[in-house]
Amino acid sequence: MSFFENIGISILKSAFTFWSTTKLPKLEGDIQLSGINNTIEIIRDQWGIPHIYATNIHDVLFAQGFVHAQDRLWQMDLTRRAAQGRLSEFIGKEALEVDRMSRTLGFKRVAEKDLKLYNAEQLALVDSYCKGINAYLHHKSFKKPIEFTLVKLKPTEFEIIDVLSISRLLTSQMTWGWYDELVRAKLLAIVGEKGMQELDNTYLQNTITLPKGIEYNALNIDDKFKSPDNFTPKISGSNAWTISGDKTTTGQPYLCNDPHLAITNPNIWYEIHLDCPELKVTGVSIPGTPLVPIGHNENISWGITLAFTDLEDLVIENFTDEQLTSYWYKEEQLKTDIIEEEINIKGHSKPHIEKVYQTKHGVIVSDVLNYSSNHLALQSMAFQPNRSLWAWYSLNTAKNWDDFKAGVSYLEAPGLNIVYADTQGNIGYYNSGKMPIKTKNAASIPTPGWTGESDWKDFVPFEQMPHVFNPEKKYVVTCNNKNTPDDYPYFLGDIYMNGYRAERLEQLITAKDKLGMEDFKSMQQDIASIPGKSFAKHFLSITFENKELEKLKSVLVQWDGNLNENSIGGTLYKVTKKKVVRRLYHHLIPDKDLVNELLGKGYSPSFGISNTFLGHNTANLLQLLDNDDSWCIQQYGSKEKLLKDGFEDAILYLKERLGKDSQQWQWSKLHQMEMPHALSIQKPLDKIFGLGPYPIGGDTDTPFQTYPNNVEKFDGEIVTASYRQIIDMSDFDNSLAITPGGQSGNLASPFYASQVQDWLKGNFHPMCWSRKAVEQHQKHVLYLKTK
């Protein structure tokens, strides 16, 4: 960008920021409102986090909706429209494919089924949240965020179905298993069984979360375990661990969590603290939905990672005619449920009619995937009616392990690893999700639906899902890795991420007898690459005649394995590994799109930006390099030829990208994080609302996980720690948190992107819990009063 273009962007951003000052919400004083029972106090601390004090749960959820709307209304409205397939209404035909996918998957249709499962008392809680949003929309102090003006859109009221639709979208994005079956089927057709056996993303054994599968050890409670006097997004991996007081400096547990998501502006998470007689909880929330999915209450704390249990299958349907009006099932013809979805498009007088075909197994997704070989139905627990919001309410109000388990039991989808700690000194873990009983073969590729063999006939009993209570080893670590030993009696899937992050965290946990806050902060920032060192060792036997290449090879093999921002050896590892993998895959597979899918590219930038092959190419490549009889490498020629060709490709790439001076090849010059806004698709709005680029270390396999959503790049929109929490169960006021963004979506707000620099530096802010701590960091006080 030229000097004058930079000046122009700077002037434009200043003008937009000034405009945004007229849209700032009221954060101090009194606001008179209908719909609340008593006065509600909202204290915002110096990080913009609302601490809401109310006399009853309906008022506290009302206020949660109110502050969500004050700070994130544009984000909430956009997520609602994405969930309901209504983006084309204001964007135009450019958004039609996204809406077609949304309507086909049917987030709103399933939400309407969910609605019937909740009782009146449960729905009243969600309604209170919606009333808080709408109260802000209708109050005289309401100022429409500038994004609405820019796209000529008027915000509308929120209803219960809107909240449930957003919840359904989130559930789908956290449920995995179906798209990799299609990728695997295409791979099998090209490389055959030999190639399939070596390139499949079947889990490569590393650290096991629960060596015993299920373990329960009640604590022998004595004085030392008493309580002290006195939490769409594009969703991927995460880290979480909980440590017994036997291994901590305080004598009480710690619980740590950093969910890894694509970082956008604003962030998916909104920090919040809710306090009323029925509900006292703090942590992060998702604007557009009530309650707190990650955090702690008075008695317990919890964190989540994706379990990658296989809750989905693709089923091949055999239709009787070209109009798909009926299909075969066990020698009978069953009528297809044909649903016509009307999608209104800006600038078009007539709506687009999307025909959705639903069988007993699920909706046909092959049309929106442009996959014409078969008619594929998506059979998924993510689209079965459930009461997931009640699961989160139960966790928010849980007092002990039994309450926690009851809450998890309501969470039939998604499949999550939920770690646990309580003020009585207990720690634990439970794998959520209603898991169909099936075999590995049934889960590998699409299976025929007409025989009935694809049907889910039974489910793993909740009591037999993987869990642990007070494990003998005194800690639980889960990083999307395999969570059960090979002799566990049920097949939960083979789509786990590799275990390198879990292995590294276990190394750090077991390296000391006692761990404290500084240890946990360091662990969340750790950038040691276990597979990087293993890969570099393969070059010890490689010799280049070219002196420059030989010298650069020495930099790689002498690299310390840390992917810090200034590492040159780390750059050589990352680029060489990528070039080697692409050399091999492209030699075996002529389909470029399939190669990208094997590297993790998903089916949709909006709803499935990655698939379960993500991150597996590293472990897969190391396995091939260690195998002297590898069929894939034999097809290429030899291991030596593959490594040499990949290394030479890497050096050419680096010279073109960073220049001929290898001393300038620091990892952070390639690996930079951008935080796009929803309007970043339109230039120059990307420079006004988007943030970054920011130099960053780490990669897919380091505990500080950082990788680009685009499998062809090293930079751009990055998946990394979207929130970090370290909860000290001995004193909640000692707990820490941070997000890579800010609380507000308003350009002019002091809480806009206000935590980015601290997050980049590895800093935290306190999770204020006691009234004393909240008042110590108090910045604004707002009272919502009855009219």
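The values are calculated or read from the model by the stated rules, or taken from the named source; none is laboratory data. If you're wondering where the values come from, they're calculated on a predicted model, not measured in any experiment. Note that we place each Cβ from the backbone using ideal geometry, even for glycine, and neighbour counts take in every protein chain shown. The accessibility values were calculated without ligands, DNA or RNA, using every heavy atom of the protein model including side chains. Shrake-Rupley method; radii C 1.70, N 1.55, O 1.52, S 1.80 Å.
Quick check on the stretch 74-195: take the gyration tensor over C-alpha atoms, sort the square-rooted eigenvalues as a ≥ b ≥ c, and tell me if it's rounded (a/c under 1.5), prolate or oblate.
Working: a/c = 3.42, a/b = 1.70, b/c = 2.01.
Oblate.
If I take R0 = 41 Å and measure r between the Cβ atoms of Glu322 and Glu193 in this structure, what FRET efficiency does the formula 1/(1 + (r/R0)^6) give, to the nearest 0.05? Write out the running numbers ahead of the final one.
Working: r = 33 Å, r/R0 = 0.81.
Computed FRET efficiency for Glu322 and Glu193: 0.75.
Quote the charge dipole size of the stretch 1-118 about the Cα centre in Debye, to the nearest 20; the model charges only the Cβ of Lys and Arg (+1) and of Asp and Glu (-1).
Details: 15 positive and 14 negative charges, 113 e Å.
Value, rounded to 20: 540 debye.
Would the stretch 415-542 count as rounded, prolate or oblate if I go by the C-alpha gyration tensor, calling it rounded below 1.5 in a/c and otherwise prolate when a/b exceeds b/c, oblate otherwise? Could you put the intermediate results ahead of the total?
Numbers: a/c = 3.16, a/b = 1.35, b/c = 2.34.
Oblate.
Got a number for carbon plus sulfur as a percent of the stretch 483-567's accessible area, 1.4 Å probe? All intermediate terms of the calculation are to be shown ahead of the outcome.
Working: 1790 of 3900 Å².
Ligands and nucleic acids excluded, carbon and sulfur give 46 percent.
Just to confirm a number: summing +1 for Lys and Arg and -1 for Asp and Glu over residues other than Ile190 whose beta-carbon lies under 14 angstrom from that of Ile190, what do you get?
Details: positive: Arg184, Lys186, Lys194, Lys592; negative: Glu193, Glu198, Asp200, Asp591, Asp593, Glu597.
Overall, the nearby charge balance is -2.
Specify which residue in the list Ala15, Leu33, Gly48 is farthest towards the positive end of the charge dipole of the stretch 1-52, using unit charges on the beta carbon of Lys, Arg (+1) and Asp, Glu (-1), about the Cα centre.
It is Ala15.
Can you tell me the accessible area per residue over the stretch 708-747, all protein chains present, probe 1.4 angstrom, in square angstrom? Write out the running numbers ahead of the final one.
Numbers: 750 Å² over 40 residues.
Value for the stretch 708-747: 19 Å² per residue.
Quickly rank 274-286, 505-517 as a protection proxy: mean count of other C-beta atoms within 10 Å, highest first. Before the final figure, lay out each step's value.
Numbers: 274-286: 21.7, 505-517: 15.2.
Going from most to least packed, we get 274-286, 505-517.
Can you give the net charge of the other residues whose Cβ lies under 12 Å from the Cβ of Pro436, counting K and R as +1 and D and E as -1?
Around Pro436, the charge tally is -3.
Could the peptides 331-337, 603-609, 758-764, 577-583 be put in order, highest first, of the mean number of other beta-carbon atoms found within 10 Å of their residues? Walk me through the numbers before you get to the answer.
Numbers: 331-337: 12.3, 603-609: 18.4, 758-764: 15.0, 577-583: 20.9.
The most tightly packed comes first, giving 577-583, 603-609, 758-764, 331-337.
For the chain, what class follows from the C-alpha gyration tensor (a ≥ b ≥ c being the square roots of its eigenvalues): rounded when a/c is under 1.5, otherwise prolate if a/b is larger than b/c, else oblate?
On the way: a/c = 1.30, a/b = 1.20, b/c = 1.09.
Cα axes put the chain in the rounded bin.
Keeping all protein chains in place, calculate the accessible area per residue for the stretch 596-706 (probe 1.4 angstrom), answer in Å².
38
To the nearest 500 deg cm²/dmol, what mean residue ellipticity at 222 nm is calculated for the chain from DSSP H runs of n ≥ 4 alone, each contributing -39,500 (n - 2.57), summed and divided by the residues? Don't jump to the answer; show the numbers that get you there.
Numbers: 25 runs with 277 residues, N = 787.
Dividing the helical sum by the residues of the chain leaves -10500 deg cm²/dmol.
With a 1.4 Å probe and all protein chains kept in place, how much accessible area does Phe714 have, in Å² rounded to the nearest 10?
Approximately 20 Å² of Phe714 is accessible to the 1.4 Å probe.
Could you check the simple spin-label distance between Gln623 and His138, using points 7 Å along Cα→Cβ, in nm with one decimal?
Result for the modelled spin labels: 5.9 nm.
Would you mind working out the magnitude of the charge dipole of the chain relative to its Cα centre, with +1 at each Lys and Arg C-beta and -1 at each Asp and Glu C-beta, to the nearest 20 Debye? Write out the running numbers ahead of the final one.
Details: 82 positive and 96 negative charges, 394 e Å.
Magnitude of the dipole: close to 1900 debye.
Which residue, chosen from Leu123, Ser88, Tyr136, occupies the Cα position most advanced towards the positive end of the dipole of the stretch 80-201, where the dipole is computed from +1 (Lys, Arg) and -1 (Asp, Glu) charges on Cβ about the Cα centre?
So the residue we want is Tyr136.
About the Cα centre of the stretch 331-447, what is the dipole size in debye to 20, counting +1 per Lys and Arg Cβ and -1 per Asp and Glu Cβ, all else neutral? Intermediate results must be reported in sequence, preceding the final value.
Values: 11 positive and 12 negative charges, 39 e Å.
Result for the stretch 331-447 is approximately 180 debye, rounded to the nearest 20.
Among Trp759, His777, Tyr694, whose Cα lies farthest out toward the positive end of the dipole of the stretch 674-787, if unit charges sit on the beta carbon of Lys, Arg (+1) and Asp, Glu (-1)?
Most positive-ward Cα: His777.
Given a 1.4 angstrom probe, I'd like the percentage of the accessible area of the stretch 628-787 that is carbon and sulfur, rounded to a whole number.
Values: 2720 of 6190 Å².
Carbon and sulfur: 44 percent of the exposed surface of the stretch 628-787.
Kindly report, to the nearest 10 Å², the accessible surface of His677 as traced by a 1.4 Å probe over protein heavy atoms only.
10
What pairs from Lys578/Lys601; Lys579/Lys669; Lys639/Lys660; Lys551/Lys641 go past 24 Å between their alpha carbons? Present the calculation step by step, with values, prior to reporting the outcome.
Values: Lys578/Lys601 14 Å; Lys579/Lys669 18 Å; Lys639/Lys660 27 Å; Lys551/Lys641 18 Å.
Distance filter (> 24 Å) returns Lys639/Lys660.
Per residue, how much accessible area does the stretch 352-401 have with a 1.4 Å probe, in Å²?
On the way: 1810 Å² over 50 residues.
Dividing the accessible area of the stretch 352-401 by its residue count gives 36 Å².
Provide the net charge surrounding Lys474, with neighbours chosen by a C-beta distance below 10 Å and charges set as Lys +1, Arg +1, Asp -1, Glu -1. The partial results should precede the final answer.
Details: positive: Lys247, Lys473; negative: Asp246, Glu472.
Charge balance in the 10 Å sphere: 0.
Give the distance, in whole Å, between the Cα centre of the stretch 685-735 and the Cα centre of the stretch 45-88.
If you average the Cα positions of each part, the centres end up 23 Å apart.
Could you compute how much accessible surface Val151 exposes when probed at 1.4 Å, giving the result in Å² to the nearest 10?
Estimated to the nearest 10 Å², Val151 gives 30 Å².
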